[in-house]
Amino acid sequence: MIDVFKLGVIGDPVEHSLSPAIHHQFGQQTNIELAYKAYHVKKQELENFIQAFFKNGGHGLNVTLPHKLDCLDLADIVSDEVRILGAANTLMLNDEKQIVAESTDGKGFIDDCTEKKIQIENKNILIIGAGGASQSIIPSIAYKKPNRLMIDNRSKEKITPLVQKFAEFGVEQFNDLDLEIDLVINATSAGFSGPFQWDINRGLSQKTIFYDLSYGDASIEFLNWSNKFSDKTFDGAGMLVAQAAHSFNLWFNKLPSTKNINF
Ligand code: ATR
């Protein structure tokens, strides 16, 4: 019987991670005693770290940048969603002590939309950005049956491969400038890498909802830009907590409440 469950998040850098604070509150809420730490792991240490962590009694790991793709090489089993995405954010052991890779970002996004009453069914959804963050939410959005699921990106050449990769999900390149867009999702890393730039403003109105997958300072520019059109703007703090809740559920089979989580 384990008294204290050993958990953590691995990344490079990882010092900024809010996951320890969130998971400790989940632990208190569910009466599960856990020690959740942020581990700074470099790419060349990744394999050894993950193997040793689980061999030495580790119960579960979150994986953040830049290891979301590479950690799959270390997993014995990947979930269907991870196979589609080619990236994972949660690792755990199954009953046979095999390392299983899962992804909870998409579920976290959908849960936060539900919480905020952001409807996806039958709506016109535009995702800006074509990197890992964008891809991690595409299948989950598609399962909710939007009317249109469109992608735009600063570097246009990255759009076609992404549309092909997610062809079965009905993803299309954004080029219908006369379409009314119901939900714009910022999945770019502009908040970390430079000013947010997107020069299209047709199809946007006060009815449009804007959601940044980033939170805190990284979402400020996008939200300021969005406020020119609408006051229905959200950052990704809710998604952060919701995806963490789904990781917790994978480790303990208990979905904690995402309400009143402070960080
Ligand atoms: P992540 O895993 O966070 O998605 P990524 O895979 O490096 O990170 O992808 C970053 C995304 O943000 C890309 O779509 C990138 O656009 P490019 O393909 O043109 O590079 C987008 N991005 C980054 N900085 C941006 C900026 N200042 N304005 C608009 N898009 C930006």
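The values are calculated or read from the model by the stated rules, or taken from the named source; none is laboratory data. Worth saying up front: this structure is predicted, and the values here are computed from it rather than measured. Backbone-built Cβ (ideal geometry, glycine too); neighbour counts: all protein chains shown. Heavy atoms of the whole protein, side chains included, go into the accessibility calculation; ligands, DNA and RNA do not. Shrake-Rupley method; radii C 1.70, N 1.55, O 1.52, S 1.80 Å.
List the number of the failed condition for T188; all other conditions in (1) open to solvent by 10 Å² or more (accessible area, probe 1.4 Å); (2) touching a strand residue (DSSP E or B) at 6+ places or on another chain (Cβ under 7 Å); (3) more than 13 Å from the ligand (Cβ to nearest atom) hold.
Status for T188: all satisfied but (3).
Within the range 243-252, can one find any residue that is within 16 Å of the ligand (Cβ to nearest atom) and either touching a His at 6+ places or on another chain (Cβ under 7 Å) or in contact (Cβ under 8 Å) with a residue 24 or more places away in the chain (or both)? Please lay out each step first, then the result.
Taking the range 243-252 as the starting set, the residues that turn out to be within 16 Å of the ligand (Cβ to nearest atom) are 243.
From the residues that got through so far, the ones that are either touching a His at 6+ places or on another chain (Cβ under 7 Å) or in contact (Cβ under 8 Å) with a residue 24 or more places away in the chain (or both) too are 243.
Yes - at least one qualifying residue is present in the range 243-252.
Go through the range 221-239 residue by residue and tally those that are in contact with a helix residue (DSSP H, G or I) (Cβ under 7 Å, 6 or more places away or on another chain) and among the hydrophobic types (A, V, I, L, M, F, W, C). Let's see the steps before the verdict.
Our first condition is that a residue be in contact with a helix residue (DSSP H, G or I) (Cβ under 7 Å, 6 or more places away or on another chain); within the range 221-239, this holds for 221-222, 233, 235-236, 238-239.
Checking the rest, the ones that are also among the hydrophobic types (A, V, I, L, M, F, W, C) come to 222, 239.
Summing the residues that are in contact with a helix residue (DSSP H, G or I) (Cβ under 7 Å, 6 or more places away or on another chain) and among the hydrophobic types (A, V, I, L, M, F, W, C) in the range 221-239 gives 2.
Looking only at residues that are out of contact with any strand residue (DSSP E or B) (no Cβ under 6 Å at 6 or more places or on another chain) and β-branched (V, I, T) in the range 220-247, which one is surrounded by the most Cβ atoms within 10 Å (Cβ to Cβ)?
Restricting to residues being out of contact with any strand residue (DSSP E or B) (no Cβ under 6 Å at 6 or more places or on another chain) and β-branched (V, I, T), the top hit is V241.
Out of P66, P161, P139, I need the residue that is within 14 Å of the ligand (Cβ to nearest atom) and closer than 20 Å to Q243 by Cβ. Which one? Explain how you work it out, then say what you get.
Values: P161 fails: closer than 20 Å to Q243 by Cβ; P139 fails: within 14 Å of the ligand (Cβ to nearest atom).
Testing whether each residue is within 14 Å of the ligand (Cβ to nearest atom) and closer than 20 Å to Q243 by Cβ leaves just P66.
Which residues, taken from the range 119-134, are more than 10 Å from the ligand (Cβ to nearest atom) and open to solvent by less than 10 Å² (accessible area, probe 1.4 Å)?
If we filter the range 119-134 for residues that are more than 10 Å from the ligand (Cβ to nearest atom), which is where we start, we get 119-126.
Hits for the range 119-134 are I120, I125, L126.
Between a residue in the range 185-202 that is not assigned by TED's automatic domain parsing to the domain that holds W225 and any residue that is more than 6 Å from the ligand (Cβ to nearest atom), which pairs come within a Cβ distance under 8 Å, given they are 6 or more apart or on different chains?
Cβ pairs passing all conditions: none.
In the list H59, H16, H67, which residue meets the criterion of being of a type outside the set (A, V, I, L, M, F, W, C), on the phi < 0 side of the Ramachandran plot and touching a Phe, Trp or Tyr at 6+ places or on another chain (Cβ under 9 Å)?
On the way: H16 fails: touching a Phe, Trp or Tyr at 6+ places or on another chain (Cβ under 9 Å); H67 fails: touching a Phe, Trp or Tyr at 6+ places or on another chain (Cβ under 9 Å).
Sole residue among the options that is of a type outside the set (A, V, I, L, M, F, W, C), on the phi < 0 side of the Ramachandran plot and touching a Phe, Trp or Tyr at 6+ places or on another chain (Cβ under 9 Å): H59.
Does D178 count as of a type in the set (D, E, K, R), open to solvent by 30 Å² or more (accessible area, probe 1.4 Å) and more than 19 Å from D105 (Cβ to Cβ)? Working first, answer last.
Working: of a type in the set (D, E, K, R): yes; open to solvent by 30 Å² or more (accessible area, probe 1.4 Å): yes; more than 19 Å from D105 (Cβ to Cβ): yes.
Yes.
What number of residues within the range 229-259 satisfy the criterion of being basic (K, R) and in a helix (DSSP H, G or I)? Reasoning before the result, please.
Step one: list which residues in the range 229-259 are basic (K, R), which gives 232, 254, 259.
Subset that is in a helix (DSSP H, G or I): none.
Counting residues in the range 229-259 that are basic (K, R) and in a helix (DSSP H, G or I) gives 0.
Checking G131 against (1) modelled with pLDDT of 95 or more; (2) farther than 25 Å from S205 by Cβ, which test does it fail?
(1)
Please note which helices (runs of 4 or more DSSP H) are completely contained in the range 1-118 and include at least 2 residues that are open to solvent by 70 Å² or more (accessible area, probe 1.4 Å) and in contact (Cβ under 8 Å) with a residue 40 or more places away in the chain.
In the range 1-118, 105-115 are the helices (runs of 4 or more DSSP H) which contain 2 or more residues that are open to solvent by 70 Å² or more (accessible area, probe 1.4 Å) and in contact (Cβ under 8 Å) with a residue 40 or more places away in the chain.
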